[in-house]
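The values are calculated or read from the model by the stated rules, or taken from the named source; none is laboratory data. In this text the structure is predicted, and so the values were computed from the model without any measurement. Here the Cβ is made from the backbone with ideal geometry for all residues, glycine too, and neighbour counts use every protein chain on show. For accessibility, only protein heavy atoms count, side chains too; no ligands or nucleic acids. Shrake-Rupley method; radii C 1.70, N 1.55, O 1.52, S 1.80 Å.
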Amino acid sequence: MSEGVLDEAYQRLHRTGPEYQGWLSNHGPMAVEALVRHGHPHRVHRWLDDYLVRLDELPRGLHPIDDWRSALGDPKRAGDWLAYFDRQLREHPWRAVLGTWWPRLLPGIAAGATHGVIRVGHAVRALDPDEENRQRLTELGQALGYWAARWQPIPGTDRLLTSETEGPGSDDIDVAAALNGLPRIDDQTGGVRDRLDQLPAVPRWEPALATLRPVRSPGGAERGLTTLVHRAGLDYLRFGHAAPVMLVHAVTAPTAVLRTLPALDRGLWAPSFAAAWAATAAMTSVYAPADGIAAPTVTPATPAEVFARAARHGDEHVVKLADAILDAYATSADERLLTAPGYAGQLI
């Protein structure tokens, strides 16, 4: 029954565009997948009834994608990208399409304030038990199309990804120290694109980004990502008050990459970790204050109750953070993490 609810929700959402009000990301597909995943399908359609009124119609294409490089990162081609990936996923196995496009899209992980990769992560997870489901294949296509249309590099990421194949590497990494060493931009105002544009002028930005040396094994990449999600979740407790919505993405972006790893060739795992690190580092540097605060007091709860509270709250960011935090808790058993969604619910 719950799987049918997700497919019905996707069908409703696939008539809408990946953005609304000009540039805000459509969180619907991500939120409903999380609600169903954690046992709350009864909330999905009522939640959608309220959410769909915000959304724009599916964008129309201009002309078919032929030279994909020139169309990458062009939001005016969003309709063309959606049509392109719909066709690709009708003609080829989804894992083959993902394997071709993941390394092309990965350098632009900042797309839509990282929502491109986050939506792909949810779509891949939904396909895991039902790999031929047409609604879920359509969702993967729309997620990939959105990422391609909004493709945006993070300054310094090109060097970080190049270093994955050059120079010394190690699987001995200290994610906590790397996060603690991140600089901050001077002017933390404006939208995400304006903030990211400031990073090249921050003298310590690229050295800090390079603090995490390239991992060399798939296992090292998986461990690095797992630790990154864990530490980013704890950092939300320190910094979330400054940007309650945007700092959620410092957690959910690497979570999406981690979820996608099993569907990828293992040779892509190390650069995936590098790009995820760049995403979390960038969101931290442009939104988090230099000094954190003491962890907040939130009523203790079991993992199931943590998500139930998020579902009752109803904000899409609270729901997605709870979803990511429960993944991190499952691997770390760090009970401090379980306070993050409740704290986000207080702030948002």
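Packing-based ranking of 266-272, 205-211 yields 266-272, 205-211, ordered from highest to lowest mean Cβ neighbour count within 10 Å. Backbone amide hydrogens, once placed in the peptide plane, bring A301 within less than 5 Å of nothing, excluding anything fewer than 5 places away on its chain.
Judged by the mean number of other Cβ atoms found within 10 Å, the most tightly packed of the peptides 292-305, 180-193 leads the ranking 180-193, 292-305. Is any residue of the stretch 237-261 close enough, with backbone N under 18 Å, to a label point placed 7 angstrom from the Cα of Q21 along the Cα-Cβ axis, and if so, which? From the stretch 237-261, the list is 243-249.
Modelled spin-label separation between T162 and A295, with each label point placed 7 Å from Cα along the Cα-to-Cβ direction: 4.1 nm.
When the solvent-accessible area of the stretch 92-209 is split by element, carbon and sulfur atoms take up 50 percent of it, the probe being 1.4 Å. Amide H contacts of I109: Q152, I154, each under 5 Å away and 5 or more positions distant or on a separate chain (H built 1.01 Å from N in the peptide plane; Pro and chain starts excluded). Each residue of the stretch 322-331 was assigned a 3J(HN,Hα) from its phi angle through the Karplus curve 6.51 cos²θ - 1.76 cosθ + 1.60 (θ = phi - 60°); the sequence is 4, 4, 5, 5, 5, 4, 5, 5, 4, 9 Hz, with glycine and proline shown as x. Share of carbon and sulfur in the accessible area of the stretch 305-348 stands at 48%, probe radius 1.4 Å. The residues of the chain present an accessible area of 41 Å² per residue when probed at 1.4 Å with all protein chains retained. When you filter the chymotrypsin sites (Phe, Trp or Tyr not before Pro) in the stretch 1-79 for DSSP loop state and at most 13 other Cβ atoms inside 10 Å of their Cβ, you are left with W23. Size check on the chain: the Cα extents along the three principal axes, sorted descending, read 49, 44, 38 Å. Close amide H contacts of G73 (hydrogens built in the peptide plane, cut-off under 5 Å, sequence separation of 5 or more or a different chain): A149, R150, W151. Across the stretch 116-124, rounded Karplus estimates of 3J(HN,Hα) from the backbone phi angles (6.51 cos²θ - 1.76 cosθ + 1.60, θ = phi - 60°) give x, 5, 5, 5, 4, x, 5, 5, 5 Hz, Gly and Pro being marked x. Histogrammed with a bin width of 5 Å, the alpha carbon distances of the stretch 195-348 distribute as 2, 10, 19, 21, 20, 15, 10, 4, 1 percent, first bin at zero. One decimal place: the segment A96-R54 gains 11.7 nm when fully extended, by the rule 0.36 nm per residue minus the C-alpha distance. Ordered from largest to smallest accessible area (heavy atoms of protein chains, 1.4 Å probe), the residues S217, S70 come out as S70, S217. In the chain, helical runs assigned H by DSSP with n ≥ 4 each contribute -39500 (n - 2.57); averaged across all residues and rounded to the nearest 500, the mean residue ellipticity at 222 nm is -17500 deg cm²/dmol. Lys and Arg at +1, Asp and Glu at -1: add these up for the other residues within a Cβ distance under 14 Å of P289 and post the number. Within the 14 Å Cβ shell, the charges total -1.
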